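The values are calculated or read from the model by the stated rules, or taken from the named source; none is laboratory data. This structure is a prediction, so every number in the text was calculated from the model and none was measured. When we count neighbours, we look across all protein chains shown, and the Cβ atoms used for this are built from the backbone with ideal geometry, even at glycine.
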Amino acid sequence: MTGKMKQNWMAYIRKILITLLPVLMLVLLLFPDCIFATTLPGKVTGLVGVPGGMSSVDLTWNPVSGVNGYVIMLASGDTNIELTRVQENKAHVTVGADGNPLVTGRPYTFCVSAYVLADQTSDAGIAQEVRGEYSDSVTVTPILATPASFAAVGTNYKTIQLTWEKVEEAQGYVILKSEKEGGPYKKLKTIKKGTTVTFKDKKCKPGILYYYKIQAYAKSTGGQMLSAESEVVSSPTLLAAPKLQSATAASADTVLLKWKKVTGAKGYIIYRATSKKGAYTKADSIDSPTAVSAYVEGQENGVKYFYKIKAYANKKKKNTYSEFSNIKSAKFNLLASANETYMQKCKRVFSSITYRKYATAEEAASHMTTIKINVWDFGTDGVTKVTKFRTLTVHEKIAPTVQQIFKEIYEGEEKFPIKNVGGYSWRGASSRSEHCEGLAIDINWEENALIQDGVVITGKYYKPGEDPYSIPTDGEVAKIMKKYGFSQGLWGNRCDYMHFSYFGT
């Protein structure tokens, strides 16, 4: 196209626009909605309806942005009849299309649409509106509302507490119970008062998990009206927490626990820790409904332990447990140790802070006990080591320690041979020897002589490494003795190699 032709076309288009402009302005004045139409609201989604009572329905839906309100419609035959309008995304509907209350037990179908007000009004001065697409319909039957917030909590070994919220128009409630979630459910109780919102089920057994449902009821012209059943709730019975009465060290590694019997319990679980607020671990389980005490092994000497227990009741697949008991502690110091002070040793033996010498052999003997120990010694061939038995009398307060000492010597790698061993020996009230108090031990006295200034005073000789009965000062026997507070009689120029004493004399 030439330049001249293009100019002619442009002039022609301008002429047409100038001719049509008055017409367009006239249309805009007479029909403004044709140009500036109100935006169409979105479709209402998520409509849900539930009974609001015996003659009402509650509707809720997802909110639509940018709208002025919602129209609630009731389906009547092939038409929808407007019931009410609301501004929020919920409605409580109490009357039907005829203006009468909704009828209990009759189904009603509802739908909802959103609307916006247009910018212009009708000839009568009423604001025009634009409605969106109707929601999908929902059908609801007005009936008595289902009790809300239904809950079950075990309060003791035979009682479960049930609670719920009051239902408007209800004249009472029906409680159903089962031992299986899927039923069958049997009527447990009919509550004949609409304002009652609690019930205690006292017909329970320990260790059983019970399931419950509830319905509200009211009388109507057609008979008794029941609400829908609530959701299932469950709870086991709750055992009372045991009362732990005492924890006492019964031996070097065993504690004796005593507690009060818990009604309904089938057994007890014992926990322990090395600090009151520490991590408790399971120490033992007592599978007996009548048990009120237990010996628990596995403690370490010198350690203080803390204990608590809980009761349980058997169920086919899962136990029901009580809360924990109170806490008791026990210190395991039945065995002496190398870190005891002089005063602690006195307390262990004499129950005082000072050493006490016995005045007579009879008094001393009353505090002694005789123990039996296993030792190694040589057999008849003089080469093979065999187990033999020895008896040893010592003070009763250190007997457990001495028993443990010779147990460890017997189980040691050296298998040190012991052909003779002695403890308590009354040597007179004026004697300074700990043998008089049963606190000294002599081992293999011929091969572990008492030597002073190089002269043998008692015994034959001392030949460690040469004679197997001689006790090396750095050997296993000396180390075990020292571990439990007994020291070998090494006093400078006077050495009693057979002698081990608790107070070092």
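When region 367-385 is limited to residues that are touching a residue at least 24 places away in the same chain (Cβ under 8 Å) and charged (D, E, K, R), the one that is surrounded by the most Cβ atoms within 10 Å (Cβ to Cβ) turns out to be ASP377.
Scanning region 391-436 for residues that are of a type in the set (Gly, Ala, Ser) and touching a helix residue (DSSP H, G or I) at 6+ places or on another chain (Cβ under 6 Å) yields a total of 2. With a requirement of 3 or more residues that are more than 30 Å from ASN326 (Cα to Cα), the strands (runs of 3 or more DSSP E) lying completely within region 161-280 that satisfy it span 172-178, 186-191, 209-220, 223-226.
Candidates are the residues of region 44-78 that are under 16 Å from ARG106 (Cα atoms) and among the hydroxyl-bearing types (Ser, Thr, Tyr); the one that is farthest from the chain's Cα centre (by Cα) is SER76. Of LYS282, LYS258, LYS276, which residue is surrounded by 13 or more Cβ atoms within 10 Å (Cβ to Cβ) and touching a strand residue (DSSP E or B) at 6+ places or on another chain (Cβ under 8 Å)? From the options LYS282, LYS258, LYS276, the qualifying one is LYS258. Of all residues being among the aliphatic types (A, V, I, L, M), at pLDDT 90 or above and surrounded by 16 or more Cβ atoms within 10 Å (Cβ to Cβ) in region 110-148, which is farthest from SER65 (Cα to Cα)? Just the residue, please. My answer is VAL140.
Just one of the listed residues (THR341, THR354, THR320) is β-branched (Val, Ile, Thr), surrounded by 16 or more Cβ atoms within 10 Å (Cβ to Cβ) and either assigned by TED's automatic domain parsing to the domain that holds LYS266 or out of contact with any Phe, Trp or Tyr (no Cβ under 6 Å at 6 or more places or on another chain) (or both), and it is THR320. Every condition in (1) outside the structural domain of SER220 (by TED's automatic domain parsing); (2) closer than 29 Å to ALA216 by Cα; (3) of a type in the set (Phe, Trp, Tyr) holds for TYR157 except the one numbered (1). Here TYR157 does not qualify as in contact with a Ser or Thr (Cβ under 7 Å, 6 or more places away or on another chain), surrounded by 18 or more Cβ atoms within 10 Å (Cβ to Cβ), touching a residue at least 12 places away in the same chain (Cβ under 8 Å) and not in a loop (DSSP other than H, G, I, E, B). Residues in region 166-199 that are closer than 22 Å to PRO236 by Cα, in contact (Cβ under 8 Å) with a residue 24 or more places away in the chain and of a type in the set (D, E, K, R): LYS177, GLU179, LYS180, GLU181. Contact map, region 128-152: first residue within 19 Å of ALA75 (Cα to Cα), second residue basic (Lys, Arg) and surrounded by 13 or more Cβ atoms within 10 Å (Cβ to Cβ), Cβ cut-off under 7 Å, separation 6 or more or different chains; pairs are GLY132/LYS43; GLU133/LYS43; SER135/LYS43.
For region 326-337, state whether one or more residues are of a type in the set (S, T, N, Q) and at pLDDT 90 or above. Scanning region 326-337 turns up at least one residue that is of a type in the set (S, T, N, Q) and at pLDDT 90 or above.
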